[in-house]
1. For the range A:234-272, name all the residues that are under 21 Å from A:ASP123 (Cα atoms) and hydrophobic (A, V, I, L, M, F, W, C).
2. Can you confirm whether the range A:370-381 contains a residue that is over 19 Å from B:GLU31 (Cβ atoms), β-branched (Val, Ile, Thr) and open to solvent by less than 60 Å² (accessible area, probe 1.4 Å)?
3. Return a yes/no flag: does the range A:332-352 have any residue that is hydroxyl-bearing (Ser, Thr, Tyr), under 30 Å from A:ALA275 (Cα atoms) and in a strand (DSSP E or B).
4. Just to verify a result, which residue in the range A:102-151, among those that are modelled with pLDDT of 50 or more, surrounded by fewer than 17 Cβ atoms within 10 Å (Cβ to Cβ) and of a type in the set (S, T, N, Q), is nearest to A:LYS356 (Cα to Cα)?
5. Can you tell me which residue within the range A:26-69, out of those that are of a type in the set (Val, Ile, Thr) and more than 28 Å from A:PHE131 (Cβ to Cβ), is most open to solvent (accessible area, probe 1.4 Å)?
6. Output the residues belonging to the range A:296-340 that are polar (S, T, N, Q), open to solvent by less than 60 Å² (accessible area, probe 1.4 Å) and over 23 Å from the mean Cα position of the chain (by Cα).
7. Examine the range A:281-295 for a residue that is surrounded by fewer than 21 Cβ atoms within 10 Å (Cβ to Cβ) and over 22 Å from the mean Cα position of the chain (by Cα), and state whether such a residue exists.
8. Which ranges mark the strands (runs of 3 or more DSSP E) fully within the range A:366-419 that have 1 or more residues being within 18 Å of A:ILE327 (Cβ to Cβ), at the interface with chain B (Cβ under 9 Å from one of its Cβ atoms) and of a type in the set (Val, Ile, Thr)?
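The values are calculated or read from the model by the stated rules, or taken from the named source; none is laboratory data. Note that the coordinates shown come from a computational prediction; the quantities given were computed from them, not determined experimentally. Don't worry about glycine lacking a Cβ; one is built from the backbone with ideal geometry, like all the others, and counts go over all protein chains shown. These area figures cover heavy atoms from the full protein model, side chains too; ligands, DNA and RNA do not enter into them. Shrake-Rupley method; radii C 1.70, N 1.55, O 1.52, S 1.80 Å.
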Amino acid sequence: MQLKLSIAAAALLISVASQAEDYVTFQYLQYNENDDRTAVSAPSIMINKDFGTDFTLNASFVYDAVSGASPTFNSAAGSMLDDYDDDDHDDDDDDDDDDDEYSSSGASSAASSGASAFARGTDLNATDVKFGNVKYDDKRVAGGLALTSRFANRDELTVGFNYSSEKDFYSKEASAEYMHWLDDSKNQSISLGLSYQFNEILVTCIENSNCDVDTKSGASQKMDASLINAQLSFSQNINSDSYAKIALFAIVEDGYLTNPYMNVVRNYNEITNTADIVSENRPDSKIAYGASIKYANALTNKVSLQLAYRYYIDDWGMDSNTLDSDIYYEYTSDWIFKFGLRGYIQSEADFYNAKKDYFTNEVYASSDQRMSGFSSITYKTDADYKISEQWSVNLSANFYTQSTGNNATYFMTGFRYNF
Amino acid sequence: MKTILILSTLLLFSGCIKEVKPWEKGVLAKETMKDGGTNSLGKKFEEHMYFSKEASKGGSGVAGGGCGCN
């Protein structure tokens, strides 16, 4: 009997020890896309600190240095673009040997001269209309703070605040999530979460190519958008080796949802050889909802499997399916390896078209590849080495590929210190 | 959506669920069983990347912050 109690007590201590969550973790991220598109260097840090058993504080900070190029329609007059090889876009003039890219940064790429950095305009020479990369650079600073409080019945309330700042985009978000245990043994829980996000976007020259802009910020207009995200989830421990979590979510967005960097071609006329290049225009509201399910199972004492599936649908005509899987292999007590595979497929938005002779007077129009129908696969690997009880280091190498032709490799390395 | 509902129903009403005592939760508390596994910051970055490259979001919590991703 005494032995049994000792084993139970030891197991409980192990369980409690493994839940101690005082740590600081640092990661350095390097992300690079093909075709000289986006490159990101991002150091980030997260601190998690328990205050007794009733409070946990989590703080995170990231600094993104972003550079590269985004593909969109432009006028190639004046050697402003790189040709972009993309079969989905009918850029039929492939003999352009211009090799300069157009640079932009801030306020949706405002140019100091006040002219549109994206060469928007009407009655342009249609021969010069290209789908190509436009260079940009930006810096993003983002931070988050979350406080979790536990009540006498061990229910949890987490309130958080997130802030993000770029040259031409500011975001503030407040969130709250309440988790309620449904049974005494704490194997079943239900959570309700709600967040409100307010975004400010500095844009320039939405209507024409010769608008006045603020020479400092480059902005001619400040737009805003809001987002409300609600999620109801149910979690169940299935046995001592596995659990499942099911979530239903709804997201309501309102305001300026257009991507200020993206252009479309309207009124392409073969006879007069003219075309207009204007900002894309998306609806000013979006309602999305969906469901997700996650299942985690310790297959053996060394191998764990995490599976997740998500279905998403919105009123822009898009839906998507995401399947994500990660396998963790504890090679020794010091080494943990992860191998992951994620598959994703989405349908195109109602107002998406990639052709330059398609749009005329449609209200909503976008040629942004993110609004197109495509699939993607992510291959993930990670190695985590425990140096001591306090210190561990990791290295992660990953490859992301889209059917649009956009590929990316990203590496992460860093450390974690438990205190 | 139907798949989710079917799986949810099976999970809720299946006989495979058994009560897990507090001292049996050591495996469930392992990092390899948690969201993000051994690298929770890396998970945040990946979600940020998917958010900026794909048109879907949601399902992994309500907090996350905004981004004017190009």
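1. A:MET262, A:VAL264, A:VAL265, A:ILE271
2. Within the range A:370-381 (the criterion being over 19 Å from B:GLU31 (Cβ atoms), β-branched (Val, Ile, Thr) and open to solvent by less than 60 Å² (accessible area, probe 1.4 Å)), the answer is yes, since at least one residue qualifies.
3. So far as the range A:332-352 goes, yes, one or more of its residues are hydroxyl-bearing (Ser, Thr, Tyr), under 30 Å from A:ALA275 (Cα atoms) and in a strand (DSSP E or B).
4. A:THR127
5. Among residues in the range A:26-69 that are of a type in the set (Val, Ile, Thr) and more than 28 Å from A:PHE131 (Cβ to Cβ), the one most open to solvent (accessible area, probe 1.4 Å) is A:THR53.
6. Within the range A:296-340, A:ASN297, A:SER304, A:THR332 meet the criteria.
7. yes
8. Here the list reads A:374-386.
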